[in-house]
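Working notes, structure below.
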Amino acid sequence: MSSSADVAVDNRLYDKLLSHLRRLDRYQLEEFKLGLQSPQLLPESSRKIPWANLKMADPMDLLCLLKENFPGQQMWEVTLRISEDMKLTSLCEELRAQMNEMAQGPQDPGEEEPEAPEEQSVHRGRYRVRLKARLLGMWDNIPWPEDHIYLRNFREQEHEELRRLLYPKGSGAQPQTIVLHGPAGVGKTTLAMKVVLHWAEGLLFQHSFEYVFYISCHHIRDMEDTTLVGLLSRDWADSQIPIQHAMSHPERLLFVIDGFEEMTLPSEVDHRPPCTNWDQRLPAASILLHLLKKELLPMATLLVTTRDGLSEGLKQLLLHPWCLQITGFTEGDQKEYFFRYFRDRKEANKVTQWVRKNEALSHACSAPLVCWTVCSCLKRQMARRPSFWLNAQTTTSLYAYFFSSIFETAEVSWSKQCWSEQWQALCSLAAHGMWSSNFTFAKEDVGHGRLRAPLIRCLLQLNILRKVSDCEDCLTFTHQSFQVFLGAMFYMLRGKDGAVGGLSKHQEMRVVLDGALVDANSYWHQTALFTFGLLNQDLARQVEDALHCQMSPRIMDELLQWAEELSVSDMVPYSFELPPFFQCLYETQEETFVKQVLSHLLEADLEVGDLQLQATSFCLRHCQRLSKLRLSVSCLLPQTELTSRRDTSGTRLVSSKTRQWQDICSVFHYGNVSELDLSNSKLNAAAMRKLCYELRNPRCKLQRLTCKSITPVRVLKELDLLLHGNNRLTHLNLSSNKLGVALSMMIFRTLRHSECKLKYLCLEKCSLSAARAEEVASVLSSTQRTARLCLAFNQLQDKGLQWLCASLSLPGCALRRLVLCSCELGAPSGRHLADALLQNQGLTHLSLRRNRLGDEGVRSLSEVLSHKDCSLQNLDLSECAFGVEGCWVLAEAMGCNSGLKVLDIGGNRIQDAGGKRLCAALKRPSCTLNTLGLESCSLTSACCKDLSSALSVRKSLVNLNLLGNDLGPEGVNTLWKSLQKPSCKLQKLG
């Protein structure tokens, strides 16, 4: 295993070689690639790199290919040989010098690279000192809450993490543009600042970058016109900037651009003329834009940070960005934070489990300051009420209590009216900032918002606001969630005016909700969550009393109206997702309101994991009109209903997850759910048993049940309860489950029960063998109810089909549709089916796709098709391995059969001879075919004249599939002419 020193040396050498490659212009780069195709320039034992890999390679890709194909010293030798062949004298000298240095042994990665001109070294030293002082000053000026816990990495781990930022592909060479994105407060700025700080301290990236620049987007937003030199000059020790030297090696420059979400981009970004002059005077935002677009210093490396939800616009500007999501605290980090805060492992575990049940809060706690907010709030509540119920808390109630409790100690004595006005002003400022993506507020913004100095001082003392570390007169909310909560609260307060002007408060709120829940814009999701959460009447009264503000009494009616209009709107896209909406409704804890909102919901498609179970169970029990439900369950449900805990009377308590599963199952009591799809669910026997008991309830009107890919499959044995006791269930789909012998025998035995009323049974991909086909046949022969049966993708083989055909031949067989795709059937199956079809005049649809029936099997079926008593209307023989001979007999039968409406023989090599015979059959008066599939049948232009003639005669034919045939321009033209004739009634041509 390599040490960190070895890794640093390797990275330095790769950086050196990458620097050389990046200095090649595009013509030299192409010549270098051609050199890698010349055997005389390569080591004897090496292979040429495929040109397909080299063709589009940029310098970084080229370095990766050199590493993969020429290990160790060979990589440098090959580069030198090709450079000598290209007569790149200067580059060759540098390569030889580097190879000599490598031969003398590895350099200490912490050792400073020697620099020729002493003046440059002095300048760079001064720059490092000033840059480090600036960053440490910014860090020290961040006013963290006193009891906030900082989980610090060890230096070695921290260095490795920072290396991975600039070498994410593990290739030894960094991408030229790296974007760190993630939610607010998860550590993007901290990581970016540490990259700069460790470079300034001489600890990292010494041989990768000669200069590193830190640019804060909120700081340059209001800067006057300047040049790139002017933009960077604030961190130089004096005015004598060695700019010519710095800019002469742009590949050795790193620009850390922090907080892109606070940038106000110039208008007409895509239509602005490019700028390549770093001495041109422009607005600071425009200079940054040209830097991001790689118009200025295209070989420099960019490290950009931005918040989720605002990164799409950035990605469109950048050239081949490498995007890394910064996720912040893991579950383990959260648990460690809670433990170190409460200093009680039991208490920390309790809080951790509670957070993990709440999807919104669990995601929010990836930010350390949200963990502090949670801990601070819970600590206050525990101090007041030691027995308070943690599970009753929602994310909104937590934040509401946080604000209410800390303002009880606020040292501001104002009248209730004055407090109300100030809360209106503060919330308006927060909402306005959300609309303009503004998270840093200048002095004039605060003054324009009519906020008074005593409140501002109070907000700073209470850690609601904090001063921006590198902007003396600027303020920001300590965490974005504080701004979001107050922005949502703005729409709850009395008043008509919106935050941004032009729209009323009510109209703005609707735009926010549409953005979050209809357009699935994650930027607005937390605002919507808090907006719904503040509808809770108890919570609203608590906020009113504690904060001396006035909530609007009409807000709940306005939201009900929004939900009602949404339910009948054609504008709602199919992308509308219920889980975020359910999470918002759960926040209200207002059951009457939720019931009214969900009274319009008729269909639901839900993925239920541990994070979604709480909100899903709360909402589903209020969906009284739901008719179709798809549940993909992945949460871990308890094996038993009771826990080991007992109440005060000694009775064992029901676990919360069991109670929530019961709430989900209660939706069937309303008698409106007719379809349930549990595909891809992971259920234990207890959960499946509970569900089946509810489904057999007399009030349940379920008709269709789909259980595809259930894990573990053995829980399907609980269906025995349902199939015995529910005479309304008519459709059952158990596809993609390996049923096994015991389970399949149990299911078939249950299906034969007199109380079972199934009419449709789908057992596709159930690993059924020929032996199990006898059990299926017994269902058909004993129940005389099953009208549709799908057995596709089971290895039934000819022997298994023989059992089925025996049941098909019985007088009472009710089967109308039979699907036997990919069942390993051969020619004998054609004979078995033919005999059965002579006896069975009820089967109308038969699919034999992907079975090797051959010409012989098709001949047997064709004999039945020509019989006057044949009832088949839809026949699929695609990919059945027959040719011209089989097609001829099939065409003859088709011409005599007036009942056949749909025929698909695609994927069979019937060729032009077969195609012509089919066309002749189509012209017969007895043929009434309306759909014909001839995809990939080896047809050419030779049969197009016959097809054209048939289309003119056969007016019943409206669908024809000719895809995958080489008809050529002449054949297509012939068909096109026939399609234009009035006599042709074709509607769809594939």
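The values are calculated or read from the model by the stated rules, or taken from the named source; none is laboratory data. Note that the structure is predicted; figures quoted are calculated from it, not measured. In this analysis, Cβ positions are derived from the backbone assuming ideal geometry, glycine residues included, and neighbour counts consider all displayed protein chains. For accessibility, only protein heavy atoms count, side chains too; no ligands or nucleic acids. Shrake-Rupley method; radii C 1.70, N 1.55, O 1.52, S 1.80 Å.
Computed extension length for R384-D58: 111.0 nm, one decimal, from 0.36 nm per residue of separation with the Cα-Cα distance subtracted. Using just the helices of the chain, give the 222 nm mean residue ellipticity in deg cm²/dmol: DSSP H runs with n ≥ 4 each add -39,500 (n - 2.57), and the total is spread over all residues, rounded to 500. Helix contribution divided over all residues of the chain: -14000 deg cm²/dmol. Each residue, W322 and Q74, gets one label point 7 Å from its Cα in the Cβ direction; the gap between the two is 2.4 nm.
Taking amide hydrogens as placed 1.01 Å from N in the peptide plane, the amide H of F213 sits under 5 Å from those of L254, F255, V256, each at least 5 positions away in sequence or on another chain.
Ranked by the mean number of other Cβ atoms within 10 Å of their residues, highest first, the peptides 96-102, 435-441 come out as 435-441, 96-102. Against the chain, whose longest principal axis comes from its Cα atoms, helix 685-695 is set at around 60 degrees.
With only alpha-carbon pairs counted, each pair once and no self-pairs, how large is the Kirkwood hydrodynamic radius of region 5-87 in angstroms?
On the way: mean 1/r = 0.0769 Å⁻¹.
After inverting the mean inverse Cα-Cα distance, the result is 13.0 Å.
With the full set of protein chains in place, find how many percent of the accessible area of region 682-721 is carbon and sulfur; take the probe as 1.4 Å. Walk me through the numbers before you get to the answer.
Working: 830 of 1840 Å².
Result for region 682-721: 45 percent of the exposed heavy-atom area is carbon or sulfur.
What percentage of the solvent-accessible surface of region 5-87, computed with a 1.4 Å probe over protein heavy atoms, is contributed by carbon and sulfur atoms? Numbers along the way, then the final one.
Numbers: 2110 of 4300 Å².
Carbon-and-sulfur percentage of accessible area, whole number: 49.
Surface composition of region 331-390: carbon and sulfur atoms hold 47% of the protein heavy-atom accessible area at a 1.4 Å probe. Once C-alpha pairs closer than 8 Å and six or more residues apart are averaged by separation and normalised to the residue number of region 5-87, the relative contact order reads 33 percent. Phi angles of region 839-845 translate, via the Karplus equation with coefficients 6.51, -1.76, 1.60 and θ = phi - 60°, into HN-Hα couplings of 8, 9, 9, x, 6, 10, 10 Hz per residue; Gly and Pro are given as x. Residue-wise HN-Hα couplings along region 496-508, as the Karplus relation 6.51 cos²θ - 1.76 cosθ + 1.60 with θ = phi - 60° gives them from phi, are 10, 6, x, 7, 10, x, x, 10, 6, 4, 4, 5, 4 Hz; Gly and Pro carry x. Could you pull out every one of the lysines with an alpha carbon less than 20 Å from that of K595, ignoring same-chain neighbours closer than 8 positions? Correct list for K595: K628. Charging the Cβ of each Asp and Glu at -1 and of each Lys and Arg at +1, and nothing else, the dipole of region 331-390 about its Cα centre rounds to 340 debye. Computed as a quarter of the hull surface, the mean projected area of the alpha carbon convex hull for region 331-390 stands at 3.7 nm².
The value for the chain of Rg(Cα) / (2.2 N^0.38 Å) is 1.21. Taking packing as the residue-averaged number of other Cβ atoms within 10 angstrom, the listed peptides 891-898, 492-499 run from highest to lowest as 891-898, 492-499.
Taking every DSSP beta bridge with both residues inside the chain, roughly what % is antiparallel (nearest 5)?
Given both bridge residues lie in the chain, the antiparallel proportion sits at roughly 15 percent.
Computed extension length for E94-L560: 160.5 nm, one decimal, from 0.36 nm per residue of separation with the Cα-Cα distance subtracted. Think of each Lys and Arg Cβ as +1 and each Asp and Glu Cβ as -1; about the Cα centre, that makes the dipole of the chain roughly 4600 debye. Solvent exposure of the chain, expressed per residue, is 45 Å² of accessible area, with all protein chains present and a 1.4 angstrom probe. Within region 432-566, the ratio Rg/Rh, alpha carbon atoms throughout and Rh by Kirkwood, equals 0.97.
Highest mean first, what order results for 530-536, 181-187 on Cβ atoms within 10 Å?
Details: 530-536: 25.3, 181-187: 22.0.
Ranking, from highest mean packing down: 530-536, 181-187.
When the listed pairs K335/K357; K188/K293; K901/K945; K67/K315 are checked against a 18 Å cut-off, the alpha-carbon distance exceeds it for K188/K293; K901/K945; K67/K315.
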